[in-house]
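Taking it in order: structure first as structure tokens, then the write-up.
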Amino acid sequence: MNLTREQLQHKLLRIFEENFEIKNPGLDDDLREAYEFDSIDAIGLLVEIERIMGVKLSQEKKKQSMDIRTINDICNYVETIHIARS
């Protein structure tokens, strides 16, 4: 994964629109409160993150995603995993 943060945000915004019918969410919007993004949605998002990164996430890495609330949180999460793999 050699994406800039901006490219990652763009991919995530497209995923939210296409997969979850959430259009133009703010990068700091609480996804659960503002868009009723639930645990089932989160599982689907993790699958998409695995596709973006080209890697299967371990259970430990998936557990670390439990506190994600915003798109910026998702970007930080992906960047942290990417750095750990480098």
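Only the coordinates and a few stated rules stand behind these numbers; no lab work does. Nothing here was measured: the structure is a model prediction, and the numbers come from that model.
Below, the figures for the structure above:
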{"quantity": "Placed amide H near L27: partners under 5 Å, 5+ positions off or other chain", "calculated": "none"}
{"quantity": "From phi via Karplus (6.51, -1.76, 1.60), per-residue ³J(HN,Hα) for segment 65-73 in Hz, x at Gly/Pro", "calculated": "7, 4, 8, 5, 10, 10, 5, 4, 4"}
{"quantity": "Calculated SAXS-style log₁₀ I(q)/I(0) at q = 0.11, 0.16 Å⁻¹ - the chain, Debye, Cα scatterers", "calculated": "-0.26, -0.57"}
{"quantity": "Cut-off under 5 Å, modelled amide H: who pairs with I22 long-range", "calculated": "E17"}
{"quantity": "Integer Hz, Karplus 6.51/-1.76/1.60 couplings in order for segment 26-42, x for Gly and Pro", "calculated": "x, 5, 10, 5, 6, 4, 6, 6, 6, 10, 6, 6, 10, 5, 5, 4, 4"}
{"quantity": "Helix-derived mean residue ellipticity, 222 nm - over the chain, DSSP H n ≥ 4, -39500 (n - 2.57), to 500", "calculated": "-20500 deg cm²/dmol"}
